[in-house]
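Step one of this worksheet: look at the structure below.
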Amino acid sequence: MGKDVVSFFDENAARYDRWYDEHPREYQEQIKLIKDAIRKGNDVEIGVGTGRFAQKLGIKVGVDPSEGMLRIAAARGIFPILAYADRLPFISKYFDFSLFVVTLCFLEDPVSALKEAKRVSKDVFSAIIEKGSSYADFLEKKKEGFYAYAHFYSERELLDFYSEAGLEAVDSIYSDLETEGMRYRFRVIVGH
């Protein structure tokens, strides 16, 4: 994640967080799908943002390069770690699992981030807005806002990233959701 992206998230953390208040149905549906995929344990959310998902999922540790986002996550009870996804400050296999929630689309090198997640945890879960839907296409075409920095991936691309990172994908679940009148596929890939 480049410095311009981090600066944008720093300056707009509260605005980012409000989206979930304004779209409670989508947020709850995303939480439900992730809960169906993960299990409880010693875990970390990489790209924790404002801690919305970590808090609801019972994840206590969150990593993010944005201080503005981490301040809000800390207020939600998440232990904040200021770091980048491809350089995690943890010993190997410290966590039972790592979770990315709509984070890989913002990274310059998703494979390096997945390799690091594999290094620090036994399992890696990635939740994505899948490429190819009307909503993902709309977001990718935006030249302003948060998703101006995003690049969405298909399930096949994400499975290839997992393979390149040395992860074996063992499950892939999804839910077809809708927001702002546009459909999208929210997918969770499980690997170890």
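The values are calculated or read from the model by the stated rules, or taken from the named source; none is laboratory data. Here the structure is a predicted model, which means the values were calculated and not measured. So basically every Cβ, Gly included, is an ideal-geometry build from the backbone, and we count neighbours across all protein chains shown.
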Pairs, please: C-beta under 6 Å, at least 6 apart or cross-chain, first residue without any contact (Cβ under 8 Å) to a residue 24 or more places away in the chain and in the stretch 48-76, second of a type in the set (Lys, Arg)?
-> GLN55/ARG76
Can you pull out the residues in the stretch 1-18 that are within 18 Å of PHE100 (Cβ to Cβ) and hydrophobic (A, V, I, L, M, F, W, C)?
-> MET1, VAL5, VAL6, PHE9
Scan the stretch 139-165 for residues that are at pLDDT below 95 and out of contact with any Leu (no Cβ under 7 Å at 6 or more places or on another chain) and jot them down.
-> LEU139, GLU140, LYS141, LYS142, LYS143, GLU144, GLY145, PHE146, ALA148, TYR149, HIS151
Going by the conditions given, is VAL120 under 18 Å from LEU167 (Cα atoms) and of a type in the set (Val, Ile, Thr)?
-> yes
Residue satisfying all of: in the stretch 131-169; under 18 Å from the mean Cα position of the chain (by Cα) and basic (Lys, Arg); surrounded by the fewest Cβ atoms within 10 Å (Cβ to Cβ) among these | ARG156
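Could you list all residues from the stretch 117-139 that are of a type in the set (A, V, I, L, M) and either more than 17 Å from ARG87 (Cα to Cα) or in a loop (DSSP other than H, G, I, E, B) (or both)?
Selection gives ALA127, ILE128, ILE129, ALA136, LEU139.
In the stretch 113-122, which residues are touching an Asp or Glu at 6+ places or on another chain (Cβ under 7 Å) and buried (at least 20 other Cβ atoms within 10 Å of the Cβ)?
Across the stretch 113-122, the qualifying residues are ALA113, GLU116, SER121.
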